[in-house]
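The values are calculated or read from the model by the stated rules, or taken from the named source; none is laboratory data. Because the structure is predicted, anything quoted here is derived from the model rather than measured. Virtual Cβ from ideal backbone geometry, glycine too; neighbours counted across all protein chains shown. Ligands, DNA and RNA are stripped out before the accessible areas are found, and what is left, the full protein with its side chains, is counted by its heavy atoms. Shrake-Rupley method; radii C 1.70, N 1.55, O 1.52, S 1.80 Å.
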Amino acid sequence: MKISPAIALAAAAAAPLVSAGQFCNDDKSFCVNAVVSGANVTVTYGCKATGWCAFGIGRAMADADIVVGWNNGASFVISDRTATGHALPAFDAVQAVSPVAAPATLDASHTIKVSYTRPVAATGADKAFPSGSSSFIYAMSNNAVSDPTSANSAFTQHNGGHSPFTADLSAQSSTGTGNGTATRPSSTSTATAKASPTKSSAAVPGATKTTAGSLFFGLLSAILFL
């Protein structure tokens, strides 16, 4: 069966553009991976801490869009928050993040692993997820949160490391500056995690990444078989 170039082009145009980037600090005590697919982004991060771990969009805590995660038994809890300075970040009225099964293990030694999807566009108090070289922050603590079952739990100040960093998390090969270096994202999809009962979740198998290269070869094959 022959496929016309017009049909092949339409199929290529309909497929969402997918890009991915990853950042790890120097000792890999914190790593974050982002996969942008169309209007949504899946963020996975992990750290070597026993209390909580946070990843945020911004140069510093002031006006940062932050997602904090911690373990609750065999599951994890995520909390969408906004920081205004060196104080407990406020719980967002609109929780624009949805927990998903972690698509990749960033580092086997990470004791907290969190994965979620969110819109790329600004939603509620959340900033738009940036493209190109952008500013981010991370922090972690070895102190447990007050109520690990609640996404609105209080927690104490970070004591396990924190830093701003610059990276392009929307690129296939990310470059980063600051307190760490960027690495190419993992191509495997093995780790899974369940969300806390306080938030809805779904077991999502590792997604196959669609790249511009695969679309090109698909189009070329369709034309050659005409």
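Structure notes:
- Computed with a 1.4 Å probe on the full set of protein chains, the accessible area for Val100 sits at about 20 Å².
- Two-site label geometry, Ala108 and Ser131: point separation in nm, points 7 Å out along Cα→Cβ: 3.7 nm
- To the nearest 10, the accessible area of Ser75 is 20 Å² with a 1.4 Å probe.
- Within the range 23-65, backbone nitrogen closer than 20 Å to the virtual label 7 Å beyond the Cα of Ala122 toward Cβ: 39-41, 56-65
- The solvent-accessible area of Ser37, taken with every protein chain present and a 1.4 Å probe, is close to 50 Å².
- For Arg118, net neighbour charge (Lys/Arg +1, Asp/Glu -1) across residues whose Cβ lies under 12 Å away: -3
- Accessible area of the range 56-160 belonging to carbon and sulfur atoms, whole % at 1.4 Å probe: 55 percent
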